[in-house]
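The values are calculated or read from the model by the stated rules, or taken from the named source; none is laboratory data. A quick note: this is a predicted structure, and the numbers were derived from the prediction, not measured. All Cβ positions, even for glycine, are placed from backbone atoms using ideal geometry, and neighbour counts span all protein chains on display. Please note that ligands, DNA and RNA were not included when accessible areas were found on the heavy atoms of the full protein model with its side chains. Shrake-Rupley method; radii C 1.70, N 1.55, O 1.52, S 1.80 Å.
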Amino acid sequence: MRLEKHLLSILESLHDAVIVILTDSTIVYVNQAYSTQFAVPAKKIIGRKLTDIEADARILSVIKDGKPLINDCSYVHSLKKDVCANITPLMENGEMIGAVTIMKDISEVTNLQEELTKYKEDLLQLREQLDRRNFSKLESRAEDMQKAVRLSKKIARTDATVMLYGESGVGKEVFAKGIHEASHRNSQPYIPINIASIPDSLFESEMFGYEEGSFTGSRKGGKKGLLEMANGGTLLLDEIGEMSLNMQSKLLRVIQERQFQKVGGTKFYPLDVRIICATHRNLSDMIRNGEFREDLYYRINVVPIHIPPLRQRKEDLEYITRNILNELCLKYGKHVRLEDEVMTRLSQYDWPGNVRELVNVLERMVAVCTNSFIRLSDLPDHFFLNIPHEESAPYQPRTMATTLEPNSIKLSELLEQTEKDHIEFILKNSKNKTEAIRTLGISRKSFYAKLKKYQIF
């Protein structure tokens, strides 16, 4: 059988569209698939110049340089379609006489790809919105705080172990909860554990759980431990610096092996949990003092995040105060606002207890306030003893020659004057009252009694 006799039948049987042109761009053939797919009757275009229909058609470049185009995708304006084509020159006796294009309509694929791109963009926007919601309480104008939040967002969608450093009350648990909510584990449990609240004698049973009958008084059926409760989710080990060396070794084994045993049991339970640790202590110093295991430190200090104290980001105070106040107003069913003088006094305070202290102070004021505005008189008494002082000259202790005449001064008066001067000097050169109390080496009660006695404000 001579195939050339059946060439047109072969072309007509193809499901892909076929178009043939001569070297002068005259269209000499289109198959039925072409007419069907593109709604163009053959008699409408056969005999016409392709240059008049689609001046930039890709097949014309093959006619021009004789080089085939394979899997070439383009948009055909005359058809208003995206197509993918194989275009090859037609040769006869070594001479090019035209070109043939076999092409597919890929408009649907292109549309799907565009939709997919749009969905990806929408997903990215939703993820950004979720990040803003999860970390909304941590918005800040301070560079150090912004850096900590940016890093938290980056590592949230990984399973990397996180180490949160910061003073008590800075919001370490808020960071941990935000990281959990922004992770792929957000539908699983989030279990926060305050290590300092668990005695060594109960650590294993609380952390790992126990089997029935493992000790006298054990619960029937045993008990799930915190690790098992957190499986699949996130485990926050708060105040990990308070963990004893013995418990540190047990935790290290669990982290390394990713499995644990219940007290009184022999079965190993697999552990799939994201670990976040938090501390206000300097673990490096503890390692040097033999109080913290170095091998555990390197296991948990994978992504260290340092959270600055509130006194180092006073520019955030008004924003944080407004958010807390709104929540408290909802809680107590009140509508109160701060007078400007109150906000000024709050900004002068150094907040040794950080955001936690701010929450407590605001809650106290909202709870006792009977007006629509919180006034200076609603502030706790110690706020009136913590007003910043001007920069002072180096301390020069007074002597009898610079104060009173030697014959007129009493020893008790001299001691009191010297004590007053020293307290004033320490206050002027301390960051806050807490630091001044530490420097003076007296109790907080004695400190405020002396402020009152010497009328130091």
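No other residue among V18, V40, V76, V28 is touching a Phe, Trp or Tyr at 6+ places or on another chain (Cβ under 9 Å), open to solvent by less than 80 Å² (accessible area, probe 1.4 Å) and touching a residue at least 60 places away in the same chain (Cβ under 8 Å) apart from V18. Within the range 141-160, residues that are more than 18 Å from R311 (Cβ to Cβ) reach partners that are open to solvent by 90 Å² or more (accessible area, probe 1.4 Å) and assigned to a helix (DSSP H, G or I) with beta carbons closer than 9 Å, at six or more positions or on different chains, in the pairs R157/R127.
Here V100 fits the description: surrounded by 15 or more Cβ atoms within 10 Å (Cβ to Cβ) and touching a residue at least 24 places away in the same chain (Cβ under 8 Å). Quick check: is even one residue across the range 283-299 assigned to a helix (DSSP H, G or I), modelled with pLDDT under 95 and in contact with a Lys or Arg (Cβ under 7 Å, 6 or more places away or on another chain)? No, the conditions are met nowhere in the range 283-299. Taking the stated definitions as given, is D56 acidic (D, E), crowded, with 17+ Cβ neighbours inside 10 Å and within 26 Å of T110 (Cα to Cα)? So D56 fails the test. Residues considered: P394, P388. Of these, the only one that is open to solvent by 50 Å² or more (accessible area, probe 1.4 Å), within 36 Å of the chain's Cα centre (by Cα) and at pLDDT below 80 is P388. Within the range 112-138, residues that are more than 10 Å from A182 (Cα to Cα) and open to solvent by 80 Å² or more (accessible area, probe 1.4 Å) reach partners that are at pLDDT 75 or above and part of a helix (DSSP H, G or I) with beta carbons closer than 8 Å, at six or more positions or on different chains, in the pairs K137/V174; K137/G178; K137/N323. The sole residue among R258, R313 that is modelled with pLDDT under 95 and open to solvent by 60 Å² or more (accessible area, probe 1.4 Å) is R258.
Among all positions in the range 187-201, there is at least one residue which is farther than 29 Å from V359 by Cβ, outside any strand (DSSP E or B), out of contact with any Pro (no Cβ under 6 Å at 6 or more places or on another chain) and not acidic (D, E).
Among the residues examined, K267 qualifies as over 28 Å from the mean Cα position of the chain (by Cα) and either on the phi < 0 side of the Ramachandran plot or open to solvent by 50 Å² or more (accessible area, probe 1.4 Å) (or both). Listed by first and then second residue, the pairs linking a residue in the range 165-180 that is assigned to a strand (DSSP E or B) to a residue that is surrounded by fewer than 22 Cβ atoms within 10 Å (Cβ to Cβ), with Cβ atoms under 6 Å apart and 6 or more places separating them unless they lie on different chains, are Y165/H306. Within the range 228-264, being part of a loop (DSSP other than H, G, I, E, B), of a type outside the set (G, A, S) and under 30 Å from the mean Cα position of the chain (by Cα) holds for N231, E239, M243, R258. Inspect the range 318-332 for any residue being over 27 Å from G353 (Cβ atoms), touching a residue at least 24 places away in the same chain (Cβ under 8 Å) and open to solvent by less than 80 Å² (accessible area, probe 1.4 Å) and give the result as yes or no. Looking through the range 318-332, none of the residues is over 27 Å from G353 (Cβ atoms), touching a residue at least 24 places away in the same chain (Cβ under 8 Å) and open to solvent by less than 80 Å² (accessible area, probe 1.4 Å).
Quick grid of which residues meet (1) open to solvent by less than 30 Å² (accessible area, probe 1.4 Å); (2) β-branched (V, I, T); (3) touching a helix residue (DSSP H, G or I) at 6+ places or on another chain (Cβ under 8 Å):
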residue: F175; (1), (2), (3): yes, no, yes
residue: S183; (1), (2), (3): yes, no, yes
residue: P189; (1), (2), (3): no, no, yes
residue: P192; (1), (2), (3): no, no, yes
residue: M207; (1), (2), (3): yes, no, yes
residue: G222; (1), (2), (3): yes, no, no
residue: L235; (1), (2), (3): yes, no, yes
residue: V254; (1), (2), (3): yes, yes, yes
